[in-house]
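The values are calculated or read from the model by the stated rules, or taken from the named source; none is laboratory data. Predicted, not measured: the structure shown is a model, and the values here were computed from it. Cβ: placed from backbone, ideal geometry, glycine included. Neighbour counts: every protein chain shown. Heavy atoms of the whole protein, side chains included, go into the accessibility calculation; ligands, DNA and RNA do not. Shrake-Rupley method; radii C 1.70, N 1.55, O 1.52, S 1.80 Å.
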Amino acid sequence: MQALTGIDPDRLTEEKERQLTIDLGFAWFDLPSGRQVSVVDVPGHERFIKNMLAGVGGIDAALLVIAADEGPMPQTEEHLDILGLLEIERGLVVLTKIDMVEPEWRELVVEEIRERLQGSPFANAEMIAVSALKGDGIDELRQALDHLLSDIPPHTEIGKPRLPIDRVFSVTGFGTIVTGTLLGGPLEVGQDIELQPSGIKTRVRGLQSHQQKVEKALPGRRTAVNLTGVSVDDVARGDVITAPGWLKPTTMLDARVRVVENAPFALEQNDEVDFFVGSSETVARVTLLDAEKIEPGNEGWIQIRFPKQVAAVRGDRFIVRRPSPSETIGGGLVIDPHPRRHRRFRKEVIEGLEALASGSPQEILLQTLEHKPWELRELYRAITLPEEDVRSAAYELLASEDIIHLKRGATPESELTPADYLIAWPAYRDTLDRIQKMLGEYHQKSPLRKGMAKEEVRSRIDMPQRAFEELVARAADASAIADEGNIIRKPQHQIQFTDDQRKRIDRYLQALQEQPFSPPSPSQFDLDNELVMALNETGEVVRIDESIVFPRSTFDDMKQQVLDLIDQNGSITLAQFRDHFGTSRKYAQAVLEYFDHHRITRRVGDERVRNVHA
Ligand SMILES: Nc1nc2c(ncn2[C@@H]2O[C@H](COP(=O)(O)OP(=O)(O)OP(=O)(O)O)[C@@H](O)[C@H]2O)c(=O)[nH]1
Ligand SMILES: [Mg+2]
């Protein structure tokens, strides 16, 4: 690397002593075309393959370095497998130390390398022979790299910068510095950022790329970020720097995995693996969703669970390895970083994953909206596509009535705002079916109740408040349910009393009429609390408490009289109430407290005045 870049990427003393790379090293140099290249030098030794994995995320091309005196090593296969799994298909083979071998031996090694590369992404890669000692072939290597990198597609800019951290250190006078390869969008000095999965909020104090201070770092470049107010103990390799508010860490994700041909065994249900994504590494357990086991060379759908939060998004490539003896088993693509827990061998689950994996923005959006309502801004976060693509897909799906804009008065043409909720039609119908079923069971169990508390319904279907309000409003407009403010019911549900109940009620109402301001308690007429509550909900009576109940008309009359008295005299006392209605202290106190509670009156000392809201 030093011969190519002029920089020795081996930083550690032990590396220099042992003449081998243990941890990631970094270098950069200019190619003849003037193109500047960042280099991540990863360890070749199989014992340090975990460090190698921390460095290969986000790279555009790989140099597969093979020493001519040794030829391809066992770990070369694994490196090739890893590059294949990460879909890094652009690269060169660099045959080093040619000065140490005879031309015949070199030819044998070249042949062996070509053989080993068969079936790998490097099968047709150009091979450059070099001697770092003598400098032979180094210019050819630069030319070949320039050519290789000449048609690299620009790094995707989706306005969601991400920097998987591969190095953390502190510099006196600056504080904590982290490095990594920037993806997904630029970073600027002064920008608010957050660390995931920890969620620590901080700001970009300074930026460097190739040891040059920059005001703005672009995706696809090695970048060093000086963090404000973060100690080196708060951040580690594997964490991710990103813009606030979009990357939600997860303890479970759905993925498509391929088990490599060379894997020592099949991937089986509930296997424990080491999971590598970005520059992070964590243990994990796999659930096979559509196979008993995935044999080497095969692919399958899996759900992966982690003991701790992991920062991954849809479209990330990952590697899984056997914990010990550690060996690469396979890898693949993160499809859904926030799935529901799935049962195995479910057709609809597999179909959903296939839509998410290969789908168009519309298919991905529809699949994401399949189970619950999402705010548009949440969709921007969850779907790693440019916001504009998500937005136009939403308008198309609204026009084709595949999804619903959950907003009162919204039409398919209405302008979408980031706070608006969207939901797929099937999910809307399912939710409505669940609500109607819930109401049906409730009306069956509590026929004397007008309806179910809205909040109870909302918490049982587990939907955010605003989305639920919009959904209920929409269903009520369609007469699918009846919305009574705090309660909802089936439109056709009415409180119905049995004949016997009606008889007892009528006897009681009669008695109430006879003693309007000192009413007998309902228990004297064999009316239980349930029945009285029902009468209160139908509006026939007003239930002050367990034993004091007034007919609606009496209550309204009493209220009016009290307010008139207050308007007349400025206030009313409990004694004045008692005397005015010819009742007792018990009733006077209960009614006035009820008036206070329902903001009809307001207590001031021993007097009641009109509540301004009355
Ligand atoms: N004669 C000769 N020695 C070389 C050449 N390239 C590297 N070496 C020596 O071989 C040893 C290992 O070289 P490195 O460049 O550190 O090897 P590496 O490819 O980085 O290997 P890892 O760090 O283990 O992945 C060092 O002592 C080098 O000086 C070469 O082209 N010719
Ligand atoms: Mg090295």
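Dipole magnitude of region 252-350 about its Cα centre, charges +1 at Lys/Arg Cβ and -1 at Asp/Glu Cβ only, in debye to the nearest 20?
It works out to roughly 440 debye.
Using 0.36 nm per residue of separation minus the Cα-Cα distance, give me the extension gain between residue 218 and residue 12 in nm, one decimal.
Extra length from residue 218 to residue 12 when fully extended: 71.3 nm.
What is the antiparallel percent of DSSP beta bridges lying wholly in region 1-104, to the nearest 5?
If we restrict to bridges inside region 1-104, about 50 percent are antiparallel.
Scattering from the C-alpha atoms of region 205-258 alone, worked out with Debye: what is log10 I(q)/I(0) at q = 0.18, 0.22, 0.25, 0.26 1/Å?
With one equal scatterer per Cα and no solvent, log10 I(q)/I(0) is -0.83, -1.05, -1.19, -1.22.
Can you give me the distance in nm between label points at residue 611 and residue 536, each placed 7 Å from the Cα along the Cα-to-Cβ direction?
If labels sit at residue 611 and residue 536, their model points lie 1.5 nm apart.
Relative contact order of the chain, please, whole-number percent, based on alpha carbon pairs below 8 angstrom and at least 6 residues apart.
Here the relative contact order equals 7 percent.
Stretch residue 400-residue 292 to full length: gain in nm at 0.36 nm per residue minus the Cα-Cα span?
Length gained, residue 400 through residue 292: 35.0 nm.
Two-decimal Rg/Rh of region 252-350 from alpha-carbon positions, Kirkwood Rh?
0.92
Long-range amide H contacts for residue 128: which residues qualify at under 5 Å (H placed 1.01 Å from N, peptide plane, sequence gap of 5 or more or a different chain)?
93, 94, 95
Pop out the carbon and sulfur fraction of the accessible area of region 499-580 as a percent, whole number, probe 1.4 Å.
Ligands and nucleic acids excluded, carbon and sulfur give 44 percent.
Read phi for every residue in region 243-258 and hand back ³J(HN,Hα) as whole Hz from Karplus 6.51 cos²θ - 1.76 cosθ + 1.60, θ = phi - 60°, with x for Gly and Pro.
Once rounded to whole Hz, the list reads 6, x, x, 10, 8, 9, x, 9, 10, 7, 8, 9, 8, 9, 10, 10.
Show me, for region 333-344, the HN-Hα J-couplings you get by feeding each phi into the Karplus relation (A = 6.51, B = -1.76, C = 1.60, θ = phi - 60°), rounded to Hz, glycine and proline as x.
Couplings: 10, 6, 9, 9, x, 9, x, 7, 5, 9, 8, 7 Hz.
Mind listing P(r) for region 562-604? All alpha-carbon pairs, 5 Å bins, whole percents.
6, 25, 33, 27, 8
Could you state the per residue volume, in Å³, of the convex hull enclosing the Cα atoms of region 439-530?
128
If I model a spin label at residue 45 and residue 556 as a point 7 Å from the Cα along the Cα→Cβ vector, what separation in nanometres do I get?
Here the answer is 9.1 nm between the modelled labels.
Using Stokes-Einstein with the Kirkwood hydrodynamic radius over Cα pairs, what translational diffusion coefficient do you get for region 78-140 at 10 °C and a viscosity of 1.306 mPa s, in µm²/s rounded to a whole number?
The diffusion coefficient I find is 126 µm²/s.
FRET efficiency for residue 510 and residue 430, Cβ-Cβ distance as r, R0 = 60 Å, nearest 0.05?
Here the calculated transfer efficiency is 0.80.
What number comes out for the charge environment of residue 314, summing +1 per Lys or Arg and -1 per Asp or Glu over other residues with Cβ under 10 Å away?
That sum, taken over residues with Cβ under 10 Å, equals -3.
What is the spread of the Cα atoms of region 172-218 along each of their three principal axes, largest first, in whole Å?
30, 29, 18 Å, listed from the longest principal axis down.
Quick check: with the 1.4 Å probe, what order do 586, 97, 213 take by accessible area, largest first?
Ranking 586, 97, 213 by accessible area, largest first, yields 213, 586, 97.
At residue 133 and residue 35, where each label point lies 7 Å from the Cα along Cα→Cβ, what is the point-to-point distance in nanometres?
So the two model labels end up 3.2 nm from each other.
If you count, for each residue, the other Cβ atoms within 10 Å and average over each peptide, how do 174-184, 487-497, 233-243 line up from highest to lowest?
174-184, 233-243, 487-497
I need the calculated FRET efficiency for the pair residue 265 and residue 389, taking r as the beta carbon distance and R₀ as 56 Å, to the nearest 0.05.
Plugging the Cβ-Cβ distance into 1/(1 + (r/R0)^6) gives 0.85.
Using a probe radius of 1.4 Å on heavy atoms only, what accessible surface per residue do you get for region 2-149? Whole Å² is fine.
49
Hey, what's the Cα Rg ratio for region 291-448 versus the globular rule of thumb, 2.2 N^0.38 Å?
Region 291-448 yields a ratio of 1.28.
If packing is taken as the mean number of other Cβ atoms within 10 Å per residue, what is the order of 31-43, 254-266, highest first?
Most protected by this proxy first, the peptides run 254-266, 31-43.
Taking the square root of 5 times each eigenvalue of the Cα gyration tensor, what semi-axes in Å does the equivalent ellipsoid of region 359-496 have, largest first?
So the three semi-axes of region 359-496 are 31, 13, 12 Å.
Dipole of region 162-242 (Lys/Arg Cβ +1, Asp/Glu Cβ -1, origin at the Cα centre): which of 196, 212, 223 lies farthest to the positive side?
Working it through, the farthest residue towards the positive pole turns out to be 212.
What residue among 123, 549, 438 has its Cα farthest toward the positive end of the dipole of the chain, where the charges are +1 on Lys, Arg and -1 on Asp, Glu, each on the Cβ?
Positive-most Cα among the choices belongs to 549.
Excluding residue 129 itself, what net charge comes from residues whose Cβ is under 9 Å from its Cβ, given Lys and Arg +1 and Asp and Glu -1?
Computed value for this residue: -1.
So how compact is region 1-143: Cα radius of gyration and Dmax in angstrom?
In Å, with Rg to one decimal and Dmax whole: 14.5, 38.
Report the calculated FRET efficiency for residue 408 and residue 343 (r = Cβ-Cβ distance, R0 = 25 Å), to the nearest 0.05.
Rounded to the nearest 0.05, the efficiency is 0.10.
Output the direction-averaged projected area (hull surface divided by four) of the convex hull of the alpha-carbon atoms of region 308-348, in nm².
Projected over every direction and averaged, the Cα hull of region 308-348 covers 4.3 nm².
Restricting the count to DSSP beta bridges whose residues both fall in the chain, what percent are antiparallel, rounded to a multiple of 5?
Here the antiparallel bridges make up roughly 90 percent for the chain.
Take the Cα atoms of region 162-242, find their three principal axes, and give me the spread along each one in whole Å, biggest first.
Over region 162-242, Cα extents along the principal axes are 27, 26, 20 Å.
Take the alpha-carbon centre of region 151-166, take the same for region 390-425, and report the distance between them in whole Å.
Cα centres, region 151-166 to region 390-425: 30 Å.
Please list the radius of gyration and Dmax for the chain, considering alpha-carbon atoms only, with Å as the unit.
My reading of the Cα-based Rg and Dmax gives 35.7, 122 Å.
Once the other residues with Cβ under 11 Å from the Cβ of residue 378 are scored (Lys, Arg +1; Asp, Glu -1), what is the net sum?
Net local charge, residue 378 excluded: +2.
What list of ³J(HN,Hα) couplings, whole Hz, do you get for region 191-205 from phi and the Karplus terms 6.51, -1.76, 1.60, once you set θ to phi - 60° and write x for glycine and proline?
After applying 6.51 cos²θ - 1.76 cosθ + 1.60, I find 6, 6, 9, 9, 9, 10, x, 6, x, 4, 8, 7, 9, 6, 8 Hz.
Could you tell me the extents of region 457-606's C-alpha atoms along the three principal axes, largest first, rounded to whole Å?
51, 41, 22
Could you list which residues have their amide H under 5 Å from that of residue 297, counting only those 5 or more apart in sequence or on another chain, with H placed in the peptide plane?
Hits under the 5 Å cutoff: 259, 260, 261, 263.
Given the C-alpha centroids of region 70-95 and region 174-225, what is the distance between them in whole angstrom?
Spelled out, the Cα-based centre of one part sits 30 Å from the other.
With no solvent and one point on each alpha carbon, what is the Debye value of log10 I(q)/I(0) for region 1-79 at q = 0.21, 0.26 Å⁻¹?
Results for region 1-79 at q = 0.21, 0.26 Å⁻¹ read -1.08, -1.44.
Where nothing but the Cβ of Lys and Arg (+1) and of Asp and Glu (-1) is charged, how large is the charge dipole of region 315-451 around its Cα centre, in debye to the nearest 20?
My answer is approximately 1100 debye.
In debye to the nearest 20, how big a dipole does region 499-610 give about its Cα centre with +1 on each Lys and Arg Cβ and -1 on each Asp and Glu Cβ?
Computed about the Cα centre, the dipole is about 300 debye.
Between residue 211 and residue 143, what length comes free when the chain is fully extended (0.36 nm per residue of separation minus the Cα-Cα distance, one decimal in nm)?
Residue separation times 0.36 nm, minus the Cα-Cα distance, leaves 22.0 nm.
Using the Cα centre of the chain as origin and beta-carbon charges of +1 (Lys, Arg) and -1 (Asp, Glu), tell me which of 380, 515, 590 is placed farthest towards the positive end of the dipole.
Ranked along the dipole, the leading option is 515.
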